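The values are calculated or read from the model by the stated rules, or taken from the named source; none is laboratory data. Every value quoted in this text rests on a predicted model; they were computed, and no experiment measured them. Positions of Cβ are generated from backbone atoms using ideal geometry, with glycine treated the same way; all protein chains shown enter the neighbour counts.
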Amino acid sequence: MAGQGHAKPLWSRPAGPLRGTAQVPGDKSISHRSLILGALAVGETRVSGLLEGEDVLDTARAMRAFGATVEREGADWVVHGVGTGGFREPEDVVDCGNAGTGVRLVMGAMATTPVTATFTGDASLRRRPMGRVTEPLALFGARAHGREGGRLPLTLVGAREPVPVRYALPVPSAQVKSAILLAGLNAPGETVVIEREATRDHTERMLRGFGAEVRVEDTPEGRAIVVVGEPELRPQRIAVPRDPSSAAFPVCAGLVVPGSDVLVPNIGLNPTRAGLFETLREMGADLRLESPREEGGEPVADLRACFTGALRGVEVPPERAASMIDEYPILSVVAAFAEGPTVMRGVRELRVKESDRIDAMARLLRLAGVEVEEGPDWWVVHGRGADGVRGGARAEARLDHRVAMSALILGMAARDGMGVDDARAIATSFPIFEPLFGGLGAAVEAA
């Protein structure tokens, strides 16, 4: 787990064009949900293409702690579920590592079952706010006891007689929405989540696949997602598409490293996740969708990214933030190699991710010689053009996988390379990062 043991400093430097096929890991969001919904179904759910990063493996361990059987069989993962409301009480503290999605969704899944569980995580996760989840879960009848600010370690006491909930999200958050919908599965009647801005909808899609009744309605308050409680979820066979958030790294590297031509196949392009790719095209990127198709209810395509050296800064619409919130760190790297400013607004959520990602990336880019302005929920990167980024410094990863990977992508195109003080967190979402980029021709080395 990141944050334990010895640091892992890495350095990347220019080493010529990146060329080839990048088989990125499975989608992290769908992987988490496959394990949790499989545990809430009755019978055997079989999952192929599961992301075997630390975050997802921590969720697998959590599902075992609550009584499900989760095993790897050959290339697949098999979950024998206990049914809605069937979770048993864990015998020990549930350690969710660095997995913010995992811990919040697991809390939701258990909140309406009469068991008690204590959750913890690594140093980064223990700094992240959980009140945004525990407050709506309290409406079902669950009780949370945590550190100041609702932070981990935290004990959650599930509701003995849960009631359905109607809740309007104060800020766009797929994690909070999903936690409430999962809690609603074991409450009678209809649980309703209202969102003013659309967030990723994997939970709604997958709940339908498992046999739950889910409706989406337009209301004066916003988009209402309704789940009917107390279903018997049916086990599924799930093929996990490859993660668009992980695909962002080879795609963006292909756009900023001169001469590059990178193909990233079988990427999930759910419209609630594809904001980065729309933004890159607006910047003038040569980014092509090949063989578009649908797999398991999700749109999928192969992405080809080619260097042109003619990227321009843009203003990213604030309403697009929810569809690309995890991609702003690597977008800021692309912005550094564009001509002119790239303006990003409505991104307050970045302040409470694995790290304060606005601050972390602003400091990283300034170390590399790039001018950055920032405010509470906005930042501006002043691009220096295709060959104008100096680099030559070692940045702090802050136990944040996306900050660490963004630093290394910058180093592949900056004149003097770029380093990161500790790359261990990369394993949480992209455990094959180094060999994958090595296969494309990148130079990523121990520092």
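Rundown of residues vs (1) under 23 Å from residue 233 (Cα atoms); (2) in a loop (DSSP other than H, G, I, E, B); (3) not charged (D, E, K, R), yes/no style:
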| position | (1), (2), (3) |
| --- | --- |
| 34 | yes, no, yes |
| 44 | yes, no, no |
| 47 | yes, no, yes |
| 52 | no, yes, no |
| 59 | yes, no, yes |
| 63 | yes, no, yes |
| 102 | yes, no, yes |
Can you pull out every residue in the stretch 93-119 that is surrounded by fewer than 18 Cβ atoms within 10 Å (Cβ to Cβ) and within 14 Å of residue 58 (Cα to Cα)? 93
Got at least one residue in the stretch 385-397 being touching a strand residue (DSSP E or B) at 6+ places or on another chain (Cβ under 7 Å), crowded, with 24+ Cβ neighbours inside 10 Å and either among the basic types (Lys, Arg) or within 24 Å of residue 196 (Cα to Cα) (or both)? no
Could you tell me whether the stretch 257-269 includes any residue that is aliphatic (A, V, I, L, M), within 21 Å of residue 34 (Cβ to Cβ) and assigned by TED's automatic domain parsing to the domain that holds residue 353? yes
Give, as residue ranges, the strands (runs of 3 or more DSSP E) completely inside the stretch 129-236 that count at least 3 residues that are surrounded by 14 or more Cβ atoms within 10 Å (Cβ to Cβ). 143-147, 151-157, 166-168, 190-195, 222-228
Picking from 33, 19, 46, 13, which residue would you name as being more than 25 Å from residue 417 (Cβ to Cβ) and in contact with a strand residue (DSSP E or B) (Cβ under 8 Å, 6 or more places away or on another chain)? 46
Taking the stretch 262-272 and keeping only residues that are at pLDDT 95 or above and surrounded by fewer than 23 Cβ atoms within 10 Å (Cβ to Cβ), one is left with 263, 265
Go through (1) among the β-branched types (Val, Ile, Thr); (2) in contact with a helix residue (DSSP H, G or I) (Cβ under 6 Å, 6 or more places away or on another chain); (3) within 17 Å of residue 200 (Cβ to Cβ) and name the single condition residue 279 misses. (2)
Run down 275, 259, 254 and say which single residue is modelled with pLDDT of 95 or more and surrounded by fewer than 17 Cβ atoms within 10 Å (Cβ to Cβ). 259
Check whether at least one residue in the stretch 289-300 is at pLDDT 95 or above, crowded, with 18+ Cβ neighbours inside 10 Å and either part of a loop (DSSP other than H, G, I, E, B) or in the same structural domain as residue 17 (by TED's automatic domain parsing) (or both), and report yes or no. no
Elements of type strands (runs of 3 or more DSSP E) contained in the stretch 307-394, each with 2 or more residues being of a type in the set (A, V, I, L, M) and in contact with a Pro (Cβ under 8 Å, 6 or more places away or on another chain): 378-384
What number of residues in the stretch 417-439 are within 18 Å of residue 244 (Cβ to Cβ) and in contact with a Lys or Arg (Cβ under 8 Å, 6 or more places away or on another chain)? 1
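So that you can scan it fast, the table gives a plain yes or no per residue for (1) modelled with pLDDT of 95 or more; (2) surrounded by 24 or more Cβ atoms within 10 Å (Cβ to Cβ):
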| site | (1), (2) |
| --- | --- |
| 8 | yes, no |
| 14 | yes, no |
| 18 | yes, yes |
| 27 | no, yes |
| 37 | yes, yes |
| 40 | yes, yes |
| 46 | yes, no |
| 59 | yes, yes |
| 68 | yes, yes |
